[in-house]
Structure formats: C-alpha cells, structure tokens
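Undergrad: Here it is, the structure, as structure tokens.
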Amino acid sequence: MVISKYPPGPDRTVFHAILSTIRQQQDRLAYLIAINRTYGDIVHFHTGLRDIYLLVQPEYIHSVLVEQADKFYKTRPFKRALGKYLGQGLLVLDGDEHRRERRLAQPAFHHQRIEAYAAVMVSFTERLMARWRHGHTMDVAQEMMALTSSIVAKTLFDADVSHDAEVIGQSMATLQEATIIQFDPVRRLLTGLSPQQRRAENEAIRALDEIIFRIIDERRAAKIDKGDLLSMLLISAEADEQPSMQRVRDEVISLFLAGHETTANVLTWAWYLLALHPEVADKLHTEVASVLGGRAATAQDMAHLPYATMIIKETLRLYPSAWVITREAITEVEIGGYRLKAGSVAVISPYITHRHAAYYPDPLAFRPERFAAGAEQTLPRFAYFPFSGGPRVCIGQSFAMMEAVLILATIAQRFQLDLMPDQQIDIEPLITLRAKHGIRMTPVQLPNPVMA
Ligand code: HEM
C-alpha cells in the first residue's frame, strides 16, 4: 500500500533544496547522519531538482540492490563524471553491456585464480617492508596505495607499476576531487571546474592513460596469451569485427582503479585503529606469530587467521571504502510503501547503516569481536554490506579480503605501526573514504619470531 507521496525529509521549498545541497557538499557524512537521525530510515530530500531518497534500513537496501535491481541504473551524474576517465568500463555500464563485461572479467576472480595471487600479495608486501626503517616515519596511506596498485597491476595484468606509484596516487586524488565537484549540481551550474582544475584533470587522465596503454602495448607486442585478465580482454576485443583498444583500456583502467584504492583505504584505517587500540594489536601479533611463526603467509593460512579477518571486517564496518552507493530508478518503483518516480535517486550508504545503533550496540566502538564466528549471520541481511550485493556486488570481494588479511598479517609479523602525535586525521568522503591528509606512522620493528 502506498502511504503518502514522499517520506519525511528536510523542507521541500526551493530555498531549502539549495541550502541542503550546500550543507551536503560541506560535510556529506554529517549531513546524511543528521537527516537519518532526524527523519528516520527512509528520507526524502533534493539536490538541485532531483528527488533523492536516503535508504538506511537493510530491507530497503535489499530491495534496491537485489529484488528490484533491474529497475535501477547507475546515476547519470556518476556515469558522466566517472565516464570521463573510466570510459565504458564495468563500473559505469548498465544492462546488457554490463552483463557482457562482467562475464568477461569473471574468470579472473574465480577461487583458484585468487589463491594463486596470494604469493604476489605477500612477496610485494615483503618488498615494501624492506624499505621501511625502524623509527622512520612515513605516510601509511601512501605506502598502502603504492602496495595495492602494484599488486593489482601484477596479478590482473602481469605489469610492473612500482615506479609509477606517485603519479598514480596523485592522479587518483585529482580525478576524485574533480568528480566530486561535478556531482555537486550547484557548483556545476555556477562555476564547474576552474581552468586550473580542468587542466589538472586532463593531465591526470593523460598520465594514467600513458601507464595503461604502455601495459596494453607491451602485451600486444609480446603476442603471448598469459591466461590472465589482460589476455582475456585482448582476445575478446580482437575477436570483435572492429577491435577496439579503447574498450580494453576502459576495462583495464576501471579494474585497476576499483582494485587498489579501496583496499589501500581499508588497510590505512586498520593501521590507524590498531594504533588506537593496542589491546587489539597485541592479539593480532599473537595470532600471526602462532600461525606463521616467521614464515611467509599463504592462501591456506586465511582459514587460520580469524582475528586478522575480524579486524578487516570491523574496519570495513566503520570505514567502508565504498561509503556510498547510488542508483537511479529507470521506471517507477515502490520502496517501503512509497512510490519513487522514474529518475529518482536512491542513496545507500554502508557508512550510515554500519553506524546505526539498531544493528550495532555502541556503534562507534572498534570491536573486532562483533565479527567472531557466527556473529555476522545474526545480523539482518544488508545491515553489513561493504561490498554491496546483488548482480553488481563487488567482483573483487574475495580478492580484496584475501589481500587485506595477508598484508595485515605479513606486516604485523615484523612491525608495529605507531601513530605520530599532533597530526590532524580527517575522513575525506570522495568516491572512496580516504584519509584526507594521509596518516603518519612510525614502524617499530618487532623481535624476530621463532621459525615454526
Ligand atoms: C576493500 C576493498 C573493496 C571494497 C570495499 C569494494 C567495494 C565495492 C562496492 C561497494 C562495489 C559496488 C559499487 C556499486 O554498485 O555502486 C564494488 C564494485 C566493484 N569492485 Fe570493488 N571493492 C573492493 C575491492 C575491489 C577489488 C580488489 C577489485 C578488483 C581487483 C574490485 C573491483 C570492483 C569492480 C570491477 C566493481 C564493479 C562491479 C560491477 O558493477 O559489476 N573491488 N566494489
């Protein structure tokens, strides 16, 4: 039964619409939490002329992502802004084109494939730690970004981007900032990007393209089928009537970007939380020492590192890298007894739902025990969904979990990371949830564990 035209929400006058748009852009997280607390678990508001619905209740989230998934597409502003640099890759495609690209990429994420990536994940982490010096401060956000970008390039495309880490990191930050400005209807109408921002955006796209086309050209020149994702994409493109390297480029860049930033962010926040909770860090060091006893971790160790896994899950609860998921209704839909017109936007935020006291007592407390064996199954479906769900569930979910746990365990085996005092740590909710100023930490070498 449809109960009223709109659910509760901030006033619907034009003045309030503009005010709420401005407030939203100033502090998106605080704004969404405030309207959830004030109006409830389904809230209606505007940005510009669009009807927006914030959906916090797991049932509604399930409805959009699973039950009625075919009635929703990615939003137009998202596709316009991201499409500028991702082109027509998995992240922005919809409908049949999306299904086709997803089928093409899927084999690279099968269980056995992912297990084979473990050796790269661990050896690249060891290579990174070899550069760290006891007591020498570094930015852990930058370190994690360099590590995960090298891992995704090596595992999916057999490419070495270790010398490009700085360019990739800077380009990513520039593109995310430019994208956010273009999501903001008021700023887009009034000013758009400044000439300087536009130049920076074009330069970032050019720099990333140079790296991606280098990877593609090297593989084409080698004329070898390595059986990895890049070879699969090339074989599929070359079988087309009109082979398009642009399509291959779009998929490579999409997987490369989706596949490193998110994991780097969760690891960054995990190190931060561990430094604030030494009792949790102690338990991690104990688990890692007893399971690995000084040897390199393997995919088979995943089953024996439950505490490390719980830490990553709890970090993803508090700091879900993909903090917001948006969808646009392509036809009229019903959610929670309300009728949403075609063109309405559903805003779903793991960040907001994961911090809801109805599902997590004392929600702001960092407690890995929330994810002890069996506990997750007691939560309502979609009260925890850092990887989304339904047909567009993160294709890299198992890859990411294994990578994050193995990196955490490999580093915790040798180092404790201490937080530098007197630094400002802020969350920056761009497309992903970044640490705005990075996080400066000092590696403290642990005594050598006894070999098992
Ligand atoms: C902790 C790390 C990660 C998190 C939290 C995460 C989260 C997500 C979420 C929430 C989505 C759905 C977005 C939406 O529907 O709007 C998504 C999609 C996606 N993710 Fe991940 N992801 C992670 C790691 C990875 C990795 C390692 C890869 C690849 C190696 C990857 C590749 C993708 C791709 C290609 C999509 C688009 C899938 C589609 O639309 O069919 N992600 N991810």
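Undergrad: Does Ala258 satisfy the criteria of being near the ligand (Cβ under 10 Å from one of its atoms), open to solvent by 10 Å² or more (accessible area, probe 1.4 Å) and among the small types (Gly, Ala, Ser)? Full working, then the answer.
TA: Numbers: near the ligand (Cβ under 10 Å from one of its atoms): yes; open to solvent by 10 Å² or more (accessible area, probe 1.4 Å): yes; among the small types (Gly, Ala, Ser): yes.
When the stated conditions are applied, Ala258 passes them.
Undergrad: Same structure, new question: If I ask for residues that are acidic (Asp, Glu) and either in contact with a Cys (Cβ under 6 Å, 6 or more places away or on another chain) or in contact (Cβ under 8 Å) with a residue 60 or more places away in the chain (or both), which ones from segment 73-116 would you list?
TA: In the first step, residues of segment 73-116 are kept if they are acidic (Asp, Glu); the result is 94, 96-97, 101, 115.
Within segment 73-116, Glu101, Glu115 qualify.
Undergrad: Among the helices (runs of 4 or more DSSP H) lying completely within segment 23-106, list those that include at least 2 residues that are within 15 Å of the ligand (Cβ to nearest atom) and touching a helix residue (DSSP H, G or I) at 6+ places or on another chain (Cβ under 9 Å).
TA: On the way: elements: 28-39, 58-62, 76-86, 95-105.
Helices (runs of 4 or more DSSP H) meeting the threshold: 58-62, 76-86, 95-105.
Yes/no matrix, rows are residues, columns are (1) part of a loop (DSSP other than H, G, I, E, B); (2) within 16 Å of the ligand (Cβ to nearest atom); (3) open to solvent by less than 40 Å² (accessible area, probe 1.4 Å):
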site: Pro243; (1), (2), (3): yes, no, no
site: Glu251; (1), (2), (3): no, yes, yes
site: Leu267; (1), (2), (3): no, yes, yes
site: Trp271; (1), (2), (3): no, yes, yes
site: Ala281; (1), (2), (3): no, no, yes
site: Ala289; (1), (2), (3): no, no, no
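Undergrad: Ok, one more. Output the residue which, of all residues in segment 85-141 that are of a type in the set (S, T, N, Q) and over 18 Å from Ile253 (Cβ atoms), is surrounded by the fewest Cβ atoms within 10 Å (Cβ to Cβ). Lay out the reasoning, then the answer.
TA: Going residue by residue through segment 85-141, those that are of a type in the set (S, T, N, Q) are 88, 106, 112, 123, 125, 137.
Next cut, over 18 Å from Ile253 (Cβ atoms) only: 106, 112, 123, 125, 137.
On the way: Gln106: 12, Gln112: 7, Ser123: 14, Thr125: 25, Thr137: 13.
Filtering first and then ranking leaves Gln112.
Undergrad: Turning to a different aspect of this structure: Kindly indicate the residue of segment 292-329 that is in a helix (DSSP H, G or I) and either modelled with pLDDT under 95 or farther than 19 Å from Glu369 by Cα (or both) and also farthest from the ligand (Cβ to nearest atom) among those meeting that condition.
TA: Leu292
Undergrad: Of the residues in segment 299-311, how many are open to solvent by 50 Å² or more (accessible area, probe 1.4 Å) and more than 13 Å from Leu408 (Cα to Cα)? Walk me through it before giving the result.
TA: In the first step, residues of segment 299-311 are kept if they are open to solvent by 50 Å² or more (accessible area, probe 1.4 Å); the result is 300, 303-304, 306.
This time we only want the ones that are more than 13 Å from Leu408 (Cα to Cα), so: 300, 303-304.
Residues in segment 299-311 being open to solvent by 50 Å² or more (accessible area, probe 1.4 Å) and more than 13 Å from Leu408 (Cα to Cα): 3 in total.
Undergrad: Another question, then. Which one of the conditions (1) surrounded by fewer than 20 Cβ atoms within 10 Å (Cβ to Cβ); (2) over 15 Å from Ala159 (Cα atoms); (3) among the aliphatic types (A, V, I, L, M) does Ala221 fail to meet, given that it meets all the rest?
TA: If we test Ala221 against (1) surrounded by fewer than 20 Cβ atoms within 10 Å (Cβ to Cβ); (2) over 15 Å from Ala159 (Cα atoms); (3) among the aliphatic types (A, V, I, L, M), just (2) comes out false.
Undergrad: Inside segment 371-452, counting only strands (runs of 3 or more DSSP E) that do not spill past its ends, which hold 1 or more residues that are within 22 Å of the chain's Cα centre (by Cα) and not acidic (Asp, Glu)?
TA: Values: elements: 415-419, 427-429, 433-435, 440-445.
Output list reads 427-429, 433-435, 440-445.
Undergrad: Can you tell me how many residues in segment 330-362 are part of a loop (DSSP other than H, G, I, E, B) and aliphatic (A, V, I, L, M)?
TA: Within segment 330-362, the subset part of a loop (DSSP other than H, G, I, E, B) is 330-332, 336-337, 341-344, 349, 355-362.
Next, only the ones that are aliphatic (A, V, I, L, M) stay: 330, 342, 357-358.
Selection size over segment 330-362: 4.
Undergrad: Let me ask you something else. Any idea which of (1) exposed (fewer than 15 other Cβ atoms within 10 Å of the Cβ); (2) under 17 Å from the mean Cα position of the chain (by Cα) is the one Met144 doesn't satisfy?
TA: (1)
The values are calculated or read from the model by the stated rules, or taken from the named source; none is laboratory data. These numbers come from a predicted model, not from an experiment. Counting neighbours? That spans all protein chains shown, and the Cβs are built from the backbone with ideal geometry, glycine included. Side chains included, ligands, DNA and RNA excluded: accessible areas come from the protein's heavy atoms. Shrake-Rupley method; radii C 1.70, N 1.55, O 1.52, S 1.80 Å.
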